[in-house]
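**Q** Pasting a structure here, questions to come.
The values are calculated or read from the model by the stated rules, or taken from the named source; none is laboratory data. From a predicted model like this one, the values you see are computed outputs, not experimental measurements. Every residue, glycine among them, receives a Cβ derived from its backbone with ideal geometry; neighbour counts consider all protein chains shown.
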Amino acid sequence: MAANLAKAGHTVRVWNRTRGKVEVAGATWVDSPEAGAEGADVVWLCLSDTAAVEEVAAAMLAAARPGLLVADSSTIAPRASRALAAQFAERGATWVDCPVTGSRKGAEAAQLTFIVGGPEAAIEALQPLFQAMGQRVFHIGDNGMGLAAKLAMNLNVALIYQGLCEGLVLAEKAGVSAEQMLEIIGATMLRSGVSDYKKDAVLRHDFTPNFPLRLMLKDIHLMLDFAREMRVKLPALETVEEIYAVADEEGLGELDYAASLTLLEKWAALPGGEVTLAAD
């Protein structure tokens, strides 16, 4: 994302907790979040979880000034994002939640989709930056609404992929190959963006992370917390959360979430097929 901003001619400064992970041509490294925010027109965040965003926001707050725009592409709790928006508003700055979908390939190709919550004027001001990094922008409503939509989207991703995996494991147990099943799925109403995107990873069992399983599990926890806040029951997701928790405990957390397939395959190979979920 930062590289595409630099390619588009924007002046870019970057900071990351682990410097070795950030090598951006055309960008300047800074030593702290507050140094990144000092004098900037826009600060763009893309961090792993709510705690990380709150930590970085606290460091930046002293440098916040009237007119500053903060765009947060992290997937965090909507309530936390609204609280941060209120804190920055006290200093005359505007906070926008703009989580993304498109994964690593979309980021590299500047083909991300942004799902945005925040004031209309701020969204308009950010359009040149959205265009440098992505192809679509959906303005959902006020602060937190972009995150609400993103969590609902990731809920669908988790359930669709879980259904795909369970179908493949059941079919393979009966002697139908994954190749045959995926060909059928691709030719019928079962085809989805998830099945298209994960097909090669499933067939090769290549789970190089595009979206690590531990982060999908983090998002599932956010979904369940948000559902409790909204007084909504999500029974299917509660079961998927147990499966992902076990997968994380078994060392799959740093692999792509597609690696959850291997846990189902392991269970299918057990005598009698009996499995008890016991994740803490």
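**Q** Pairs only if they're at least six apart or on different chains, beta carbon under 7 angstrom, first in the stretch 170-196 and among the basic types (Lys, Arg), second not in a loop (DSSP other than H, G, I, E, B); list them, first residue then second.
**A** Correct list of pairs: Lys173/Ala268; Arg191/Ile185.
**Q** Right, Val169: modelled with pLDDT of 95 or more, out of contact with any strand residue (DSSP E or B) (no Cβ under 7 Å at 6 or more places or on another chain), in the same structural domain as Thr239 (by TED's automatic domain parsing) and not in a helix (DSSP H, G or I) or not? Steps first, answer last, please.
**A** Details: modelled with pLDDT of 95 or more: yes; out of contact with any strand residue (DSSP E or B) (no Cβ under 7 Å at 6 or more places or on another chain): yes; in the same structural domain as Thr239 (by TED's automatic domain parsing): yes; not in a helix (DSSP H, G or I): no.
No.
**Q** Another one. Examine the stretch 75-92 for a residue that is within 25 Å of Gln131 (Cβ to Cβ), of a type in the set (Val, Ile, Thr) and either without any contact (Cβ under 8 Å) to a residue 60 or more places away in the chain or not assigned by TED's automatic domain parsing to the domain that holds Met133 (or both), and state whether such a residue exists.
**A** No; the residues of the stretch 75-92 include none that is within 25 Å of Gln131 (Cβ to Cβ), of a type in the set (Val, Ile, Thr) and either without any contact (Cβ under 8 Å) to a residue 60 or more places away in the chain or not assigned by TED's automatic domain parsing to the domain that holds Met133 (or both).
**Q** Additional query: Scan the stretch 47-74 for residues that are closer than 22 Å to Leu129 by Cβ, in contact (Cβ under 8 Å) with a residue 40 or more places away in the chain and crowded, with 18+ Cβ neighbours inside 10 Å and jot them down.
**A** Of everything in the stretch 47-74, those that are closer than 22 Å to Leu129 by Cβ, in contact (Cβ under 8 Å) with a residue 40 or more places away in the chain and crowded, with 18+ Cβ neighbours inside 10 Å turn out to be Leu69, Ala71, Ser73.
**Q** Please enumerate the residues belonging to the stretch 1-39 that are closer than 19 Å to Gln131 by Cβ, surrounded by 13 or more Cβ atoms within 10 Å (Cβ to Cβ) and either in contact (Cβ under 8 Å) with a residue 60 or more places away in the chain or not β-branched (Val, Ile, Thr) (or both).
**A** Met1, Ala2, Ala3, Asn4, Leu5, Ala6, Lys7, Ala8, His10, Gly26, Ala27
**Q** A further question follows. Going by the structure shown, is Ile123 touching a His at 6+ places or on another chain (Cβ under 7 Å) and in contact (Cβ under 8 Å) with a residue 24 or more places away in the chain?
**A** On the way: touching a His at 6+ places or on another chain (Cβ under 7 Å): yes; in contact (Cβ under 8 Å) with a residue 24 or more places away in the chain: yes.
Considered against the rule, which asks whether it is touching a His at 6+ places or on another chain (Cβ under 7 Å) and in contact (Cβ under 8 Å) with a residue 24 or more places away in the chain, Ile123 comes out as yes.
**Q** Go through (1) in a loop (DSSP other than H, G, I, E, B); (2) of a type in the set (D, E, K, R); (3) in contact with a strand residue (DSSP E or B) (Cβ under 7 Å, 6 or more places away or on another chain) for Lys233 and report which single condition fails.
**A** Single failed check for Lys233: (3).
**Q** From Glu254, Glu183, Glu249, which residue is part of a loop (DSSP other than H, G, I, E, B) and either over 30 Å from Gly146 (Cβ atoms) or touching a strand residue (DSSP E or B) at 6+ places or on another chain (Cβ under 6 Å) (or both)?
**A** Values: Glu183 fails: part of a loop (DSSP other than H, G, I, E, B); Glu249 fails: part of a loop (DSSP other than H, G, I, E, B).
Unique residue meeting the criteria: Glu254.
**Q** So, in the stretch 132-150, how many residues would count as being part of a helix (DSSP H, G or I) and in contact (Cβ under 8 Å) with a residue 60 or more places away in the chain?
**A** Taking the stretch 132-150 as the starting set, the residues that turn out to be part of a helix (DSSP H, G or I) are 132-133, 145-150.
Of the ones still in play, those that are also in contact (Cβ under 8 Å) with a residue 60 or more places away in the chain are 132-133, 145, 147-148, 150.
Counting residues in the stretch 132-150 that are part of a helix (DSSP H, G or I) and in contact (Cβ under 8 Å) with a residue 60 or more places away in the chain gives 6.
**Q** I need the full set of residues from the stretch 204-262 which are touching a Ser or Thr at 6+ places or on another chain (Cβ under 6 Å) and hydrophobic (A, V, I, L, M, F, W, C), in order please.
**A** Answer for the stretch 204-262, where residues must be touching a Ser or Thr at 6+ places or on another chain (Cβ under 6 Å) and hydrophobic (A, V, I, L, M, F, W, C): Phe211, Ala247.
**Q** I would also like to ask the following. Of the residues Ala158, Ala86, which is outside any loop (DSSP other than H, G, I, E, B) and under 16 Å from the mean Cα position of the chain (by Cα)? Full working, then the answer.
**A** On the way: Ala86 fails: under 16 Å from the mean Cα position of the chain (by Cα).
None of the other options fit; the residue is Ala158.
**Q** Here's another thing I want to ask about it. If a residue has to be more than 17 Å from Ala121 (Cα to Cα) and not aliphatic (A, V, I, L, M) to count, how many in the stretch 83-103 make the cut? Lay out the reasoning, then the answer.
**A** Pass one, the stretch 83-103, residues more than 17 Å from Ala121 (Cα to Cα): 83-84, 87, 90-91, 99-103.
Okay, now just the ones that are also not aliphatic (A, V, I, L, M), so 87, 90-91, 99, 101-103.
So the count comes out to 7.
**Q** Shifting gears a bit: Given the criteria surrounded by 18 or more Cβ atoms within 10 Å (Cβ to Cβ) and either in contact with a Gly (Cβ under 6 Å, 6 or more places away or on another chain) or in the same structural domain as Leu213 (by TED's automatic domain parsing) (or both), does Gly117 qualify? Please lay out each step first, then the result.
**A** Details: surrounded by 18 or more Cβ atoms within 10 Å (Cβ to Cβ): yes; either in contact with a Gly (Cβ under 6 Å, 6 or more places away or on another chain) or in the same structural domain as Leu213 (by TED's automatic domain parsing) (or both): yes.
Yes: the conditions hold for Gly117.
**Q** Out of (1) farther than 23 Å from His221 by Cα; (2) in contact with a strand residue (DSSP E or B) (Cβ under 8 Å, 6 or more places away or on another chain); (3) small (Gly, Ala, Ser), the odd one out for Ala59 is which?
**A** For Ala59, the failing item is (2).
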